[in-house]
Amino acid sequence: MRSLRKTYSHLIYLFLFTGLGGFSYLLLVRDIIMAKGRPSNISPLLMLVGCIFFFNVVGFVMLQVSRWLTMRSQSFIRKRYMLTLNYIGIALILFLINYSLLGFVKMMLNIQAPFTVRSQGWVVLCVIWLVELVIVALVQVNQSYLYTLKLYKEKAELQEVTSKAQYAALQNQLNPHFLFNSLNVLISEIEYNPQNAILFTRNLSDVYRYILQNHNQQLALLADELRFLESYILLHQIRLENCISVDLNLAPNLYAYKVPPLTLQLLAENVIKHNLVSISKPMTISIGFIANEEMLTVSNNICPKKDSYTSGTGLKNLSDRYKLICNKSIEVIKTDISFTVKVPLLYE
């Protein structure tokens with residue numbers, strides 16, 4: 001594909017330079033022949049082919065110069081005078097080429113003083129020169145555009161790779177760290193309540209299976225997140241003697257929306273980590289939806305632990321994940337009696 005585009009580009013330039021050669025022939029050569037008043041010993045067709053060949057050679061040389069200027073554009077940013085000098089040099093070279101071509105044609109036609117140009121000749125020469133400058137400028141713009149597209153594509157690919165790496169690093173920080181406590185609870189339940197131990201083991205398996213399945217995913221269905229939260233909360237219900245529950249107020253049509261994996265687990269973990277949860281102080285996590293904002297809300301009453309330290313790392317990581325995925329942010333609303341986190345619901 002790249003080779004085909006390169007061939008197509010070369011054909012376009014060949015057409016442009018051929019047209020420029022034909023244009024120069026019509027203005028310079030034919031006017032000179034007509035002014036001489038008699039046909040030349042050299043075939044007009046041969047002279048036309050010569051002009052076209054000459055301008056194609058010059059054109060592709062200018063094209064290489066243009067590419068060189070584009071590649072050196074970053075260095076020219078620091079030394080702008082160099083860019084100006086290069087363009088002035090190209091303009092002078094084009095003018096000298098046209099002047100030399102005019103003199104060469106006159107020499108072939110045996111015209112005396114071939115390099116002497118009268119006023120009308122200067123007008124024709126300057127018109128051709130200006131047309132060539134416009135064409136060279138268009139070629140330069142095209143080269144700069146293609147080079148900019150290439151840089152943009154490389155930047156986009158690099159940004160995608162970087163974003164994936166950052167997202168993976170953030171997601172790895174969100175994997176549950178309660179395995180040690182869960183094993184201690186499991187040992188206790190095996191000894192005192194074997195039926196609970198079976199239920200606990202099954203849900204612990206579901207929790208880690210979900211984590212492994214969604215480890216490399218950027219988004220997960222809300223329905224899957226809710227099932228995962230149910231297994232996760234059940235583990236804590238067994239550990240905390242049913243002192244924690246979830247109040248779900250969501251319409252079934254919302255289950256097709258998506259959130260980053262482990263979002264609900266992180267918010268539930270945040271509630272358990274920073275609040276007292278006991279028989280005398282049960283905790284309810286309420287999950288709702290704000291339709292006009294398309295935001296999922298997770299809220300709880302506040303009953304802070306005395307030794308609780310809030311670093312905000314978990315919520316910051318969740319916010320960073322949203323920014324990487326969709327450039328949206330979460331909202332945190334804290335009052336004296338409640339704590340609410342609003343997260344955007346996404347739909348592919």
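The values are calculated or read from the model by the stated rules, or taken from the named source; none is laboratory data. What you see is a predicted model, and the numbers here were worked out from it, not measured in a lab. In this analysis, Cβ positions are derived from the backbone assuming ideal geometry, glycine residues included, and neighbour counts consider all displayed protein chains.
Please tell me if LYS281 is over 24 Å from ARG227 (Cα atoms) and either in the same structural domain as ILE211 (by TED's automatic domain parsing) or over 32 Å from the mean Cα position of the chain (by Cα) (or both). It is true that LYS281 is over 24 Å from ARG227 (Cα atoms) and either in the same structural domain as ILE211 (by TED's automatic domain parsing) or over 32 Å from the mean Cα position of the chain (by Cα) (or both). Would you confirm whether any residue within region 70-84 is of a type in the set (Gly, Ala, Ser) and modelled with pLDDT under 70? The answer is yes, given that some residue of region 70-84 is of a type in the set (Gly, Ala, Ser) and modelled with pLDDT under 70. Take VAL298 and decide whether it is in contact (Cβ under 8 Å) with a residue 12 or more places away in the chain and not in a strand (DSSP E or B). No.
Checking each residue of region 327-335 against the condition of being in the same structural domain as GLN217 (by TED's automatic domain parsing), part of a helix (DSSP H, G or I), under 27 Å from the mean Cα position of the chain (by Cα) and under 21 Å from LEU229 (Cα atoms) gives no match. Does region 149-166 contain any residue that is surrounded by 15 or more Cβ atoms within 10 Å (Cβ to Cβ) and either closer than 30 Å to GLN265 by Cα or modelled with pLDDT under 75 (or both)? No, because not a single residue in region 149-166 is surrounded by 15 or more Cβ atoms within 10 Å (Cβ to Cβ) and either closer than 30 Å to GLN265 by Cα or modelled with pLDDT under 75 (or both). Would you confirm whether any residue within region 252-269 is at pLDDT 90 or above, crowded, with 18+ Cβ neighbours inside 10 Å and over 15 Å from LEU346 (Cα atoms)? The answer is yes, given that some residue of region 252-269 is at pLDDT 90 or above, crowded, with 18+ Cβ neighbours inside 10 Å and over 15 Å from LEU346 (Cα atoms). Taken over region 201-238, the criterion of being within 23 Å of MET283 (Cα to Cα) and not in a helix (DSSP H, G or I) is satisfied by no residue.
The condition of being touching a residue at least 24 places away in the same chain (Cβ under 8 Å) and either assigned by TED's automatic domain parsing to the domain that holds CYS303 or more than 28 Å from ILE302 (Cβ to Cβ) (or both) does not hold for TYR192. All of ILE233, ILE272, ILE238 fail the test of being in contact with a His (Cβ under 7 Å, 6 or more places away or on another chain) and either among the aliphatic types (A, V, I, L, M) or assigned by TED's automatic domain parsing to the domain that holds LYS305 (or both), apart from ILE272. The condition (being over 15 Å from ASP206 (Cα atoms) and either in contact (Cβ under 8 Å) with a residue 24 or more places away in the chain or among the hydrophobic types (A, V, I, L, M, F, W, C) (or both)) is satisfied by just one residue among LEU234, LEU221: LEU221. Is one or more of the residues making up region 264-273 assigned to a strand (DSSP E or B) and either among the hydroxyl-bearing types (Ser, Thr, Tyr) or over 16 Å from ILE337 (Cα atoms) (or both)? So far as region 264-273 goes, no, none of its residues is assigned to a strand (DSSP E or B) and either among the hydroxyl-bearing types (Ser, Thr, Tyr) or over 16 Å from ILE337 (Cα atoms) (or both).
Could you tell me whether any residue of region 240-261 is among the polar types (S, T, N, Q) and assigned to a loop (DSSP other than H, G, I, E, B)? Checking region 240-261: at least one residue is among the polar types (S, T, N, Q) and assigned to a loop (DSSP other than H, G, I, E, B). Restricting LEU229, LEU234, LEU248 to residues that are surrounded by fewer than 15 Cβ atoms within 10 Å (Cβ to Cβ) and either of a type outside the set (Val, Ile, Thr) or within 19 Å of VAL341 (Cβ to Cβ) (or both) narrows the list to LEU248. Taken over region 270-296, the criterion of being surrounded by 19 or more Cβ atoms within 10 Å (Cβ to Cβ) and within 23 Å of TYR347 (Cβ to Cβ) is satisfied by ILE287, LEU296.
Filtered by the rule that a residue be aliphatic (A, V, I, L, M) and under 8 Å from LYS342 (Cβ atoms), region 280-297 gives ILE290, MET295, LEU296.
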